[in-house]
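Okay, so here's the structure we're looking at.
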Amino acid sequence: MTRLRRLTRGYGYEVALGVALLPAYALLAWRAPLLRDPENLLDASQHIVEIGILAVAMTPIIISGGIDLSVGSLVGMCGIVLGYAWQAGVPLWAAALLAVLAGALAGALNGAAVTRGRVPPLVVTLATMAIFRGAAYAISQARPVSGFPVWFEDLGQSYVRLWPTPWQAPAQLLVFLVVAALGGFFLHATVYGRYVYAVGSNERAARFAAVPVHRVKLLLYTLSGSAAGLAAVVFVARTGAAKADAAAGYELDVITCVVLGGTRITGGRGTPAGTLLGVVAVLLARTGLGYAGVPDVWRTLLLGVLLILTACAGPLLAGRRR
Amino acid sequence: MRTGGALLCTTLLLIAAAATVRGDEPAAATKTLVIGVMPKLIGIEYFNAAEKGAREAAAELGVELVFDGPVTNDSARQSEMIDLWIARKMDVICVAPNDPDSIAPVLRKASRRGIRVLTWDADANPASSLREFFVNQAENEAIGRGLVDVLAEQTGGRGEYAIITGSLTAANQNIWMEWMRKHVAERYPDFKEVALKASEEDQQLAFQVTQDVLKAHPNLAGVFGITTVSLPGAAEAVERAGKAGQVKVTGLGLPSSMKKYVHGGVVETFILWNPIDLGYLTVYAAKLLAENKLQADSTLEAGRLGAIEVKGDQVLLGPPLRFTKDNVDDFAF
């Protein structure tokens, strides 16, 4: 086996996706000349950073056979926590930490309901999707918080050099890349990461093999909640306002990226690298179509089509289990 | 083969997507001005009318117009779309923001890149967004006071009233409400506001919240629907509750959607301006701005609209119009 083949063993789908993105990029760049400048794509990535962060956290949850529909609402709630804490006089950095903490607690709530409560994750997170959003509206009375210090807003608009290239990338992109790297580290290099795959492949067998299934699940949902808190901080910095209706509908985009990236919705298979590529694919589609002047409504349609067809491609790889 | 299948699928998809994409017209070759006009959202009659006017002006002036916006009144989506426009290097960006503060960072970015920025219909925070001018449909004071006067005429200036607004962040709606409250405080001390509800530019939601208000306040004398979507929703709720005539309804609405309520006796009078003209004026103002011919405290010539006053940094379309059963059928919007 060649070195390359050995390195990418089990990554069949991700490699295929990565390779498929190249002609796709070439074609889109031909029709939308703005795409030829990589800095434009990097610039546009700032709008997908929150979705990317949530997608990385969603990946282990889906691998383990669960799902978290409440992430969008949680971003809204954590954003409100951030905004109102700051308005109440808490220093901004502490308010941001508070937002992440609130996310972690909410995530733990999800985890507890799924493990102790034995309620299916779909039902739990459907309920918490409404609860968190409702809490956001209740706390804020639908009044947003804005007027954050300019340095905070500029953080959401600043650029750093993507070494070693000469390109300028939005600062938040680095946050996403760090989160993606951490996700990769967790899933591939830690024991609990390994457990995630075990639970997803066959939960009963895992339990009999002394895998602490409940603890694993609780951890995953808590991490997802924390990620939502982090995404909320990024969102508020980028948009300059903490609103209760923030990130509405994001969970669908997030799941799209995860499934596009090769994670099987039934569990047991998936990688953060794939999710990263899924995010890139969605970014490419959205930005390319946007630059070409395709109206908003068409973009939604095309992303849906993209999702269905890649979901069909999944079973084509049946048997290629990690 | 299986990997190949996945590869094939994904590539085919993106090719299909790319193939449906319309390429950009080579406007950069000639020096046609590219003006982007963004409503709060697309798909409601008010902004459809504005688009009509905008396209009319663009055709007259020979500029390229891009009219697009999010499908819901989502301020984050607006920021995202403006970012795309910045990358497309438009000459002027005109936006009706859903949130005056959250749109500010991206508007500052546009200014930094040398793009001229205007707001229309609703304003952004002038200090933090650095927008150069605001194309306003009418003086906010005139709208606010006018609305209250209309309801006061019908209810004798006393009683409980409710306001159904669009979104709690929209700058224009908030400033009209400020003037409404001021006018009530100054002129109608017996008028009492008992409810304020948001309807998020969704007529169905406006209908629901008005129903709730009617149930919660059985002695309600009047309802204001201060967006073109909330007024018909509120009127429908009053009609269905059988309270037409008992609860007076007024606000800002389009003649086309309010016709049946006016003739049905639910609404006597309502106010608006001409949104077609607003769209038309916005494009004219944008072109003048790009040519550095738009100045504060002056007048400008706006095609078929004639002389338009620029008061401070606001370009004013004109005084608000009153619609009653006598003239509601006369308009194309």
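None of the figures in this text is laboratory data; all of them are computed from the coordinates on show. These figures come from a predicted structure and were not determined experimentally. Virtual Cβ from ideal backbone geometry, glycine too; neighbours counted across all protein chains shown.
Quick check: the angle from helix B:275-290's long axis to the longest principal axis of chain B, C-alpha only, nearest 10 degrees? Tilt of helix B:275-290: around 40 degrees.
The base-10 log of I(q)/I(0) for segment A:7-158, evaluated at q = 0.15 Å⁻¹, reads -0.98 [Debye formula, identical scatterers on Cα atoms, solvent excluded].
Past 21 Å, Cα to Cα: identify those pairs from B:Lys287/B:Lys311; B:Lys52/B:Lys311; B:Lys215/B:Lys325; B:Lys89/B:Lys109; B:Lys40/B:Lys197, in the order given. Present the calculation step by step, with values, prior to reporting the outcome.
Working: B:Lys287/B:Lys311 18 Å; B:Lys52/B:Lys311 26 Å; B:Lys215/B:Lys325 28 Å; B:Lys89/B:Lys109 12 Å; B:Lys40/B:Lys197 19 Å.
Over 21 Å apart, Cα to Cα: B:Lys52/B:Lys311; B:Lys215/B:Lys325.
Within chain A, the proportion of C-alpha pairs whose separation exceeds 26 Å stands at 47%.
Could you work out the equivalent-ellipsoid semi-axes for segment A:69-131, taking the square root of 5 times each eigenvalue of the Cα gyration tensor, largest first, in whole Å? Don't jump to the answer; show the numbers that get you there.
On the way: eigenvalues 139, 24, 9 Å².
Value: 26, 11, 7 Å, ordered largest first.
In segment B:168-298, Rg over Rh equals 1.06, where Rg is the alpha-carbon radius of gyration and Rh the Kirkwood radius from pairwise Cα distances. Once you've got the GNM for chain B with C-alpha springs shorter than 10 Å, pick whichever of B:Thr210, B:Thr72, B:Thr165 has the biggest mean-square fluctuation. Judging by the Gaussian network model, the answer is B:Thr72.
Once the Cα atoms are used to define both axes, helix B:230-240 deviates from the longest principal axis of chain B by about 40 degrees. The tail of the calculated P(r) for segment B:109-192 beyond 16 Å holds 59 percent of all Cα-Cα pairs. This ranking places B:Arg187, B:Arg55, B:Arg131 by how few other beta-carbon atoms lie within 10 Å of each, fewest first, which gives B:Arg187, B:Arg55, B:Arg131.
Its residue count N fixes a reference of 2.2 N^0.38 Å for segment A:122-268, and the Cα radius of gyration divided by that reference is 1.26.
Only Lys, Arg, Asp and Glu carry charge here, each on its Cβ (+1 for the first two, -1 for the last two); on that basis chain B has a dipole of about 540 debye about its Cα centre. When Rg and Dmax are taken over the Cα atoms of segment A:196-289, they come to 16.2, 50 Å. Calculate the length of the line joining the C-alpha centroid of segment B:120-144 to that of segment A:82-126, in whole Å. Here the answer is 38 Å between Cα centres. For B:Val66, the residues whose amide H sits under 5 Å from its own are B:Ile35, B:Gly36, B:Val37, ignoring neighbours fewer than 5 places away on the same chain, with H placed 1.01 Å from N. Ordered by the number of other Cβ atoms lying within 10 Å of each residue's own Cβ, fewest first, B:Ile44, A:Ile62 fall into the sequence B:Ile44, A:Ile62. Long hydrophobic helices in chain A, taken as whole DSSP H segments with a C-alpha length of 30 Å or more on their own axis and mean Kyte-Doolittle hydropathy at least -1.0: A:92-115, A:213-239, A:296-316. For the Cα atoms of chain B, what angle does the longest principal axis make with the long axis of helix B:140-155, in degrees from 0 to 90, nearest 10? With rounding to tens, the tilt is 30 degrees.
Stretched out straight at 0.36 nm per residue, the stretch from A:Ser158 to A:Arg3 would grow longer than its current Cα-Cα span by 51.8 nm.
Using the crude model of +1 on Lys and Arg Cβ and -1 on Asp and Glu Cβ, and no other charge, please compute the dipole size for segment B:248-293 relative to its Cα centre, in debye to 20. All intermediate terms of the calculation are to be shown ahead of the outcome.
Details: 5 positive and 3 negative charges, 20 e Å.
That gives segment B:248-293 a dipole magnitude of about 100 debye.
Each of B:Gly159, B:Ser111, B:Trp176 was scored by the projection of its Cα onto the charge dipole of segment B:59-204, and the greatest displacement toward the positive side belongs to B:Ser111; charges sit on the C-beta of Lys, Arg, Asp and Glu. Measuring between their Cα centroids, segment A:155-213 and segment B:239-267 lie 57 Å from each other.
Between A:Pro212, A:Gln168, A:His188, whose Cα lies farthest towards the positive end of the dipole of segment A:141-214 when Lys and Arg beta carbons carry +1 and Asp and Glu beta carbons carry -1, centred on the Cα centre? Farthest along the dipole direction, towards plus: A:Pro212. With a simple spin-label model that places each label point 7 Å from the Cα along the Cα-to-Cβ direction, the separation between A:Arg207 and A:Val123 comes to 1.6 nm.
Of the residues B:Val150, A:Val211, the one with the fewest other Cβ atoms within 10 Å heads the list, and the complete ranking is A:Val211, B:Val150.
Counting only Cβ charges, +1 for Lys and Arg and -1 for Asp and Glu, the dipole size of the protein assembly as shown around its Cα centre is about 3420 debye.
Computed over every Cα-Cα pair of segment B:230-321 and binned at 10 Å starting from 0, the pair-distance distribution P(r) comes out as 16, 35, 19, 19, 10, 1 percent. When only alpha carbons of chain B are considered, Rg and Dmax amount to 21.9, 80 Å.
Run the numbers on chain B and let me know its relative contact order in percent, using alpha-carbon pairs under 8 Å that are six or more apart. Walk me through the numbers on the way to the answer.
On the way: 669 pairs, mean separation 60.3, N = 333.
This gives 18 percent for chain B.
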